[in-house]
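These notes are about the structure you will find just below.
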Number of protein chains: 2
Amino acid sequence: MTNTPVTVVGLGSMGSALAGAFLAAGHPTTVWNRTASKADSLVARGASRAGTADEAVRASPLTIACLTTYEDTRAALEPASLTGRALVTLNSGSPAGARRMAEWATSRGARFLDGAVKNIPSAVGAPDTLLYYSGDKAVFDEHVDTLRVLGGDTVHLGDEADLAALYEIAVGGTLLPALVGFFQGAAALRSRGLEAETLLPYATKWFEMIISVLPMYAKEIDSRDYSDPAASVDIFHAGAVADLELAEEGVDVDWQRPMHDLVRRAAEAGHGDRSIAVLTELLSRP
Amino acid sequence: MTNTPVTVVGLGSMGSALAGAFLAAGHPTTVWNRTASKADSLVARGASRAGTADEAVRASPLTIACLTTYEDTRAALEPASLTGRALVTLNSGSPAGARRMAEWATSRGARFLDGAVKNIPSAVGAPDTLLYYSGDKAVFDEHVDTLRVLGGDTVHLGDEADLAALYEIAVGGTLLPALVGFFQGAAALRSRGLEAETLLPYATKWFEMIISVLPMYAKEIDSRDYSDPAASVDIFHAGAVADLELAEEGVDVDWQRPMHDLVRRAAEAGHGDRSIAVLTELLSRP
């Protein structure tokens with residue numbers, strides 16, 4: 001069986017990792033990037049360099065676009081003929097952005113899938129790495145073996161093109177807040193001459209604890225029953241004071257204020273003795 | 001060998017779990033709570049009910065106070081004679097609050113340890129549950145076997161009484177942000193009639209990914225070398241736009257704005273192509 005030829009457009013750190021994984025798996029791989037030199041190391045490893053975006057898309061039945069935004073993707077592919085081609089976008093973006101991208105791609109005759117790589121570039125190609133897709137299921141089924149080269153945990157979420165972006169933000173929306181929390185902790189330790197490395201065993205256990213309580217919170221949210229809390233709004237409300245006193249240790253804590261406001265509003269609305277998951281109700285706009 | 005008698009003051013959900021663990025391990029356990037009825041189920045399981053805080057503290061060489069704040073703890077223990085007693089506080093609070101608490105306790109003649117339970121009440125007593133302490137090392141060494149009843153992973157961080165509170169906020173400061181991120185995701189899915197439960201496999205993997213990248217970030221922070229990013233400030237800056245577009249899906253995203261401001265300020269300060277961990281520098285006040 002011959003490996004499907006693949007084109008990768010956009011060779012930032014993630015796009016280069018994707019192209020590298022296809023090369024390593026023996027797929028004929030064509031690459032294109034606006035700044036052509038970004039393709040050099042991939043070409044040295046056996047990739048074909050396309051001269052234009054149109055040439056790139058024509059080279060393979062399947063094109064993976066990995067630019068920073070959907071707007072960048074449309075700008076890059078504007079000169080290319082997409083009719084009958086399978087186009088997969090793997091970038092960050094909103095559900096609304098994914099819907100606009102899908103409309104554009106199908107109006108240009110492409111068969112369209114949107115997806116997200118749920119990991120960092122160095123994890124691309126690993127058996128455990130998760131990528132999910134949504135949109136044209138026929139494209140997914142036709143190319144699933146090729147797509148699985150990018151990560152062993154490859155999933156199709158549904159036919160609506162914006163589901164991957166919806167899940168990406170729903171899941172990925174914890175990353176920046178969790179990291180800023182960790183960086184704040186590192187800044188607090190630094191104020192005492194302690195290294196961030198000393199946080200690692202505790203932070204690891206802490207995130208494992210967070211993982212362990214998510215099913216409980218999901219159940220509360222789905223049932224809208226917040227009456228038997230493991231951790232109440234009042235507990236977090238009291239903790240907010242301590243969080244803000246971290247400013248005395250030379251740390252900027254202002255980024256936390258809107259979260260504390262949310263907790264305070266929940267307490268004021270009479271949810272004090274209910275589960276902190278009740279915040280989901282305050283975050284849902286009617 | 002006889003088990004050390006222990007007193008637990010403050011019988012909220014966490015205090016009750018602590019007292020329950022001591023009872024289960026066969027320690028003579030005295031309990032006190034301002035609202036006396038909160039002790040009823042523990043008394044039914046064999047605990048002694050103290051009539052006053054002073055009587056409670058006198059009943060055991062070791063008293064664990066688990067009230068909501070340090071202020072609550074001082075108010076509750078004000079009438080008690082603490083001279084020569086080992087007092088351990090297990091509540092949320094700031095390093096500054098822990099320092100004030102330590103001063104108060106030692107001025108009253110107590111031997112003082114501050115600590116933190118890094119888990120939810122139902123995890124108390126498990127072999128893997130982490131509790132850490134700081135302050136009077138002699139108290140820790142004398143009572144470590146008793147303290148280990150509360151969790152198998154019991155650690156002394158150092159002689160400075162505020163270190164446990166410092167680490168607690170440094171580590172625990174990721175919890176509310178991570179949870180609000182998860183609740184926001186659940187709200188986004190709900191807007192499409194999808195259940196929070198469908199997030200769980202992806203969210204679990206995502207937090208595992210976050211755990212896996214923390215050592216890399218700690219190394220960058222400790223070396224102050226952010227020049228070889230797995231995820232750059234610019235990537236997060238671009239992603240912020242998509243995060244805010246989640247408002248189109250009926251979700252309140254305002255709580256994220258200060259975090260995005262932080263990312264924007266990092267980009268404007270010329271850190272765009274550096275690791276997102278450079279935010280630690282912006283969070284550190286000189």
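Data table
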{"quantity": "Count of residues meeting criterion [open to solvent by 40 Å² or more (accessible area, probe 1.4 Å), touching a residue at least 24 places away in the same chain (Cβ under 8 Å) and either in contact with a His (Cβ under 7 Å, 6 or more places away or on another chain) or assigned to a helix (DSSP H, G or I) (or both)] in region B:105-133", "calculated": "1"}
{"quantity": "Which listed residue is out of contact with any Cys (no Cβ under 6 Å at 6 or more places or on another chain), at pLDDT 95 or above, in a helix (DSSP H, G or I) and within 7 Å of another protein chain (Cβ to nearest Cβ), from B:Ala266, B:Ala238, B:Ala277, B:Ala242", "calculated": "B:Ala277"}
{"quantity": "Filter pass, A:Met209 being facing chain B (nearest Cβ under 7 Å) and buried (at least 17 other Cβ atoms within 10 Å of the Cβ)", "calculated": "yes"}
{"quantity": "Sole exception among (1) within 7 Å of another protein chain (Cβ to nearest Cβ); (2) over 23 Å from A:Val253 (Cα atoms) for B:Asp254, by number", "calculated": "(2)"}
{"quantity": "Hits in region B:134-145 (condition: outside any helix (DSSP H, G or I) and open to solvent by 40 Å² or more (accessible area, probe 1.4 Å))", "calculated": "B:Asp136"}
{"quantity": "Flag if B:Val149 is away from chain A (no Cβ under 11 Å), farther than 30 Å from A:Asp225 by Cβ and free of Cβ contacts under 8 Å to residues at least 24 places away in the same chain", "calculated": "no"}
{"quantity": "Residue in region B:146-169 that is more than 19 Å from the chain's Cα centre (by Cα), within 29 Å of B:Ala105 (Cα to Cα) and assigned to a helix (DSSP H, G or I) present", "calculated": "yes"}
{"quantity": "Complete set of residues in region B:218-235 that are of a type outside the set (Asp, Glu), more than 7 Å from chain A (Cβ to nearest Cβ) and out of contact with any Asp or Glu (no Cβ under 9 Å at 6 or more places or on another chain)", "calculated": "B:Ser223, B:Ile235"}
{"quantity": "Subset of region A:1-29 [more than 15 Å from A:Leu77 (Cα to Cα) and among the polar types (S, T, N, Q)]", "calculated": "A:Thr2, A:Asn3, A:Thr4, A:Ser13, A:Ser16, A:Thr29"}
{"quantity": "When residues of region B:1-16 are limited to those that are hydroxyl-bearing (Ser, Thr, Tyr) and open to solvent by 10 Å² or more (accessible area, probe 1.4 Å), the one nearest to the chain's Cα centre (by Cα)", "calculated": "B:Ser13"}
{"quantity": "Residues that are surrounded by 21 or more Cβ atoms within 10 Å (Cβ to Cβ) and more than 26 Å from B:Glu195 (Cβ to Cβ), drawn from region A:148-172", "calculated": "A:Val149, A:Leu150"}
{"quantity": "Residue within region A:68-88 that is surrounded by 24 or more Cβ atoms within 10 Å (Cβ to Cβ) and within 14 Å of chain B (Cβ to nearest Cβ) present", "calculated": "yes"}
{"quantity": "Condition check for B:Leu200: at the interface with chain A (Cβ under 7 Å from one of its Cβ atoms) and either open to solvent by less than 10 Å² (accessible area, probe 1.4 Å) or within 17 Å of A:Ala231 (Cβ to Cβ) (or both)", "calculated": "no"}
{"quantity": "Scan of region A:217-235 for residues that are at pLDDT below 90 and either open to solvent by 20 Å² or more (accessible area, probe 1.4 Å) or farther than 13 Å from B:Leu176 by Cβ (or both), ordered by number", "calculated": "A:Ala230, A:Ile235"}
{"quantity": "Test result for A:Ala188, within 7 Å of another protein chain (Cβ to nearest Cβ), in a helix (DSSP H, G or I) and without any contact (Cβ under 8 Å) to a residue 24 or more places away in the chain", "calculated": "no"}
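The values are calculated or read from the model by the stated rules, or taken from the named source; none is laboratory data. From a predicted model like this one, the values you see are computed outputs, not experimental measurements. So basically every Cβ, Gly included, is an ideal-geometry build from the backbone, and we count neighbours across all protein chains shown. All accessible areas refer to the heavy atoms of the entire protein, side chains included, with ligands and DNA or RNA removed. Shrake-Rupley method; radii C 1.70, N 1.55, O 1.52, S 1.80 Å.
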